[in-house]
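The values are calculated or read from the model by the stated rules, or taken from the named source; none is laboratory data. Source: prediction; values computed, not measured. For neighbour counting, all protein chains shown are included, and Cβ atoms are generated from backbone atoms with ideal geometry for every residue, glycine included.
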Amino acid sequence: MQNFVGRSLLDGFSAARVEAENRVSLDIFEGPLDLLLYLIKKDEVDIYEVSIERITSQYLEYIGTFKILNIELVSEFVVMAANLMYIKSRTLLPRHEQPPGEEIEEEDPRWELIRQLVEYKKFKDAAGYLEEREVEQQRVFAGVPEACDLEEDEASPLPDVGIFDLIRAFQGILKRFEDEGQLTEIVDDRFTIGDKIDHLLGAVGRGQNILFQTLFAQATTKGEVVVTFLALLELIRLNEFEVLQKEALGEIKIERRAKAFKKI
């Protein structure tokens, strides 16, 4: 059973403001610690065993992708990037060559960051538990409801798909195109987000689904890939499309809802 999570996919994100020059602004309520926890989960390593060099490289790659997409980042993401680079530089220096005047209380320069991640994860897990309890409480009725659709409740619980999963998939598309030499430089802006929204709606009929990578099969420039991805985000926000994923970090499919939620 596949997980249909399109409605909550971009919770924490404000409406994408599609401008004439194809710029998009997303107010990210999930912060840098969420991204770091996602990267740790993706690598299947313990928080205490995190490689600061690897996670810094991956974090900066995500920041670079946000810039490619013209997504405006809150300052906390930039501050965390600087902090990661500072910690990385300290881990590469012998103890006797640490910055002058720096009081080294911990042998491991990563420790303060690890403590932040552990504490944040505790609060996040607690919030998730309370949310689950709230959902369970809402299923308790004082009387018998007239109708009850249990189709979704019978589905096995599967991991949520979030913005970082989509960014990861988008990075894979860019890398594959570049490795195969199929992308050219952005010469002109032949496509707008509106154009690609129309294209995606025409390519995927109601109730149909398509592999994420198939959406970009006809793209020939980096600009077209970017605009297609932004159009997809907008359609997800508008509840026209939802995301299907059988397992965490697994293959992503995009499905168009059988019924319209709102007009485009």
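Return the residues of region 214-236 that are crowded, with 16+ Cβ neighbours inside 10 Å and in a loop (DSSP other than H, G, I, E, B); say none if nothing qualifies.
Across region 214-236, the qualifying residue is only ALA219.
Please find, within region 54-76, the residue that is surrounded by the most Cβ atoms within 10 Å (Cβ to Cβ) out of those that are in a loop (DSSP other than H, G, I, E, B) and of a type in the set (A, V, I, L, M, F, W, C).
Applying the filter and picking the extreme gives ILE71.
If I ask for residues that are modelled with pLDDT of 90 or more and outside any strand (DSSP E or B), which ones from region 237-256 would you list?
Listed by number, the list holds a single entry, GLU240.
Out of region 44-53, which residues are under 20 Å from GLU119 (Cα atoms) and either free of Cβ contacts under 8 Å to residues at least 12 places away in the same chain or out of contact with any Ser or Thr (no Cβ under 7 Å at 6 or more places or on another chain) (or both)?
GLU44, VAL45, ASP46, ILE47, TYR48, GLU49, VAL50, SER51
Being under 22 Å from the mean Cα position of the chain (by Cα) and more than 17 Å from ALA169 (Cβ to Cβ) is the filter here, so list the residues in region 195-208 that pass it.
ILE197
Regarding LEU211, is this residue closer than 19 Å to GLY172 by Cβ, aliphatic (A, V, I, L, M) and in the same structural domain as ASP165 (by TED's automatic domain parsing)?
For LEU211, the condition - closer than 19 Å to GLY172 by Cβ, aliphatic (A, V, I, L, M) and in the same structural domain as ASP165 (by TED's automatic domain parsing) - is met.
What pairs can you find where one residue is in region 54-76 and farther than 15 Å from LEU233 by Cβ and free of Cβ contacts under 8 Å to residues at least 40 places away in the same chain, the other is not in a helix (DSSP H, G or I) and not charged (D, E, K, R), and their Cβ atoms are less than 8 Å apart, with a gap of 6+ or different chains?
ILE63/LEU73
Does at least one position in region 148-163 carry a residue that is touching a Phe, Trp or Tyr at 6+ places or on another chain (Cβ under 8 Å), part of a helix (DSSP H, G or I) and either surrounded by fewer than 16 Cβ atoms within 10 Å (Cβ to Cβ) or at pLDDT 80 or above (or both)?
yes
Mind counting the residues in region 198-235 that are polar (S, T, N, Q) and out of contact with any strand residue (DSSP E or B) (no Cβ under 9 Å at 6 or more places or on another chain)?
2
Return the residues of region 199-213 that are surrounded by 13 or more Cβ atoms within 10 Å (Cβ to Cβ) and not hydrophobic (A, V, I, L, M, F, W, C); say none if nothing qualifies.
Those that are surrounded by 13 or more Cβ atoms within 10 Å (Cβ to Cβ) and not hydrophobic (A, V, I, L, M, F, W, C): HIS199, ASN209, GLN213.
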